[in-house]
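First up is the structure itself, then whatever we jot down about it.
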Amino acid sequence: MTTTTIPGRAKPATAATPKRRPRRERQGAAWVFLSPWVLGAVVLTLLPMAVSLYLSFTDYDLFNPPRWVGLRNYVQMFTEDPRYWRSVVTTLTYVVIAVPLQLALALVVAIALKSMRRGKAFYRSAFYAPSLLGASMSIALVWRAVFNDGGTVDNLFGTGGWVNQPGWALLAVALLTVWQFGAPMVIFLAGLQQIPGELYEAAAVDGAGRWRQFLSVTVPMLSPVLFFNLVLQTIQAFQVFTPAFALSAGKGGPADSTLVYTLYLYDRGFVASHMGYASAMAWVLLIVIGAVTAVLFRTSRSWVFYASEGDR
């Protein structure tokens, strides 16, 4: 087929195709926008981590130049320091107590809020408030006053001040963490609202009661959210510091009953000026948290259900 051009008539105009900027130019613009984050990550995270790793192999007291000692800090930590192992046991005990209690309370409150018809926004904000305030030193000091001799708990139950009793002091620290259940509660509430109501209706038709619906519908459908909260709260629990510091006045007492890992790390680094030893402790903590997180991810394959994947 041939085309003819009528003499005297201009060719129809065609829309100009916008030229794409060169790839290097586009990448350069991206790096300009990313540069604040990259600079912050390098200067505030990666560089301090590298320095900390180097210091963990040195004898450094903050006043004199670091002196290379190799693995001596790690050997001393694992074989010659009984307080280190007490801090490990105390931290594991705290994690086992605080994390399940906090998640259980957060889930119960989230289920209660989901069924509310009025005032849901107010109560959601009210229950979330402790998560914003609980990490502050001022709230921890108030908590110490509540559980001290002559405090509210002593006046109500006559048990004496929990913070002065080795068998109760760590529980007081854990309860402060449990009280800060607002963040996981909000996440649980968002997850509960995504569960289709038809599943509960079908379970009710099959004769399932409230408890059976909770076990057979709520828990499986909420398992990804539960797993997410479990990982986050476990990581945070291993790093607990402010409650233990405030309730024990920075000593980890009584009888080292509140000597959690980070509090002992602070004591070695900033009180005893053994910064090399404290750096080694920090890297051990990082490795342990990474290992625990990996175990949680590995075991999640057997109990976390993703609705979008039919084989799980």
*Could you work out how far helix 166-179 tilts from the main Cα principal axis of the chain, as a 0 to 90 degree angle to the nearest 10?*
20
*Report the residues of the range 46-60 in range of a label on Leu34: point 7 Å along Cα→C-beta, backbone N strictly under 18 Å from it.*
46-47
*With θ set to phi - 60°, apply the Karplus curve 6.51 cos²θ - 1.76 cosθ + 1.60 along the range 96-107 and write out the HN-Hα couplings as whole Hz, x wherever there is a Gly or Pro.*
5, 7, 6, 5, x, 5, 5, 5, 5, 5, 4, 5
_Relative packing of peptides 296-303, 50-57 - highest average C-beta neighbours within 10 Å first_ = 50-57, 296-303
*asked:* Could you derive backbone 3J(HN,Hα) for the range 142-158 from the dihedral phi with the Karplus parameters 6.51, -1.76 and 1.60 (θ = phi - 60°), listing whole Hz in sequence and x where the residue is Gly or Pro?
replied: 5, 4, 5, 5, 5, 9, 8, 4, x, x, 4, 5, 5, 5, 7, 10, x
*For the chain, give the percent of accessible area contributed by carbon and sulfur heavy atoms, probe 1.4 Å, rounded to a whole number.*
66
_In the chain, if the dipole is taken from +1 on Lys/Arg beta carbons and -1 on Asp/Glu beta carbons about the Cα centre, which of Leu189, Ala126, Ala112 is farthest to the positive end?_
Leu189
*Centre separation in Å (Cα based) which lies between the range 38-52 and the range 137-203*: 35
_Based on alpha-carbon centroids, what's the gap between the range 101-130 and the range 244-312 in Å, whole number please?_
28
*Residues of the range 83-301: accessible area per residue at 1.4 Å, in Å²?*
50
*Quick one: go through the range 87-120 and flag any residue whose amide nitrogen is under 18 Å from the point 7 Å out along the Cα-to-Cβ line of Trp211.*
108
*asked:* Modelling each spin label as a point 7 Å along the Cα-to-Cβ direction, I'd like the Met137/Asn164 distance in nm, to one decimal.
replied: 2.4
*asked:* Is there a quick way to get the dipole size of the range 42-197? I mean about its Cα centre, with the Cβ of Lys and Arg at +1 and of Asp and Glu at -1; what is the value in debye to the nearest 20?
replied: 760
*Could you pull out every residue, at least 5 positions away or on a different chain, whose amide H is within less than 5 Å of the one on Asp59? Hs are placed 1.01 Å off N in the peptide plane, and Pro or chain starts have none.*
Arg67, Trp68, Val69
*Where a ≥ b ≥ c are the square roots of the eigenvalues of the C-alpha gyration tensor, would you call the range 172-217 rounded, which needs a/c under 1.5, or, failing that, prolate if a/b is larger than b/c, or oblate?*
oblate
*Tell me, what is the percent relative contact order of the range 32-167, built from C-alpha pairs under 8 Å that lie six or more residues apart?*
8
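In percent, what relative contact order does the chain have, based on Cα pairs under 8 Å that are 6 or more apart in sequence?
25
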*Rounded to the nearest 500, what is the 222 nm mean residue ellipticity of the chain from helices alone, with -39500 (n - 2.57) per DSSP H run of 4+ residues and division by all residues?*
-19500 deg cm²/dmol
*Using a Gaussian network model of the chain whose springs link C-alpha atoms within less than 10 Å, name the residue from Ala246, Ala110, Ala204 with the highest mean-square fluctuation.*
Ala204
*In debye to the nearest 20, how big a dipole does the chain give about its Cα centre with +1 on each Lys and Arg Cβ and -1 on each Asp and Glu Cβ?*
1720
*For the range 231-244, take each phi angle, set θ = phi - 60°, evaluate the Karplus expression 6.51 cos²θ - 1.76 cosθ + 1.60, and give the result in whole Hz per residue in order, putting x for glycine and proline.*
5, 4, 5, 5, 4, 5, 5, 5, 9, 4, 9, 4, x, 5
*With the Cα gyration tensor of the range 51-135 giving a ≥ b ≥ c as the square roots of its eigenvalues, does the rule (a/c under 1.5 for rounded; else a/b larger than b/c for prolate; else oblate) give rounded, prolate or oblate?*
prolate
_Apply the a/c threshold of 1.5 to the C-alpha gyration tensor of the chain and tell me whether it is rounded, prolate or oblate._
oblate
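The values are calculated or read from the model by the stated rules, or taken from the named source; none is laboratory data. Source: prediction; values computed, not measured. Every residue, glycine among them, receives a Cβ derived from its backbone with ideal geometry; neighbour counts consider all protein chains shown. These accessible areas exclude ligands, DNA and RNA; they are computed on the full protein's heavy atoms, side chains included. Shrake-Rupley method; radii C 1.70, N 1.55, O 1.52, S 1.80 Å.
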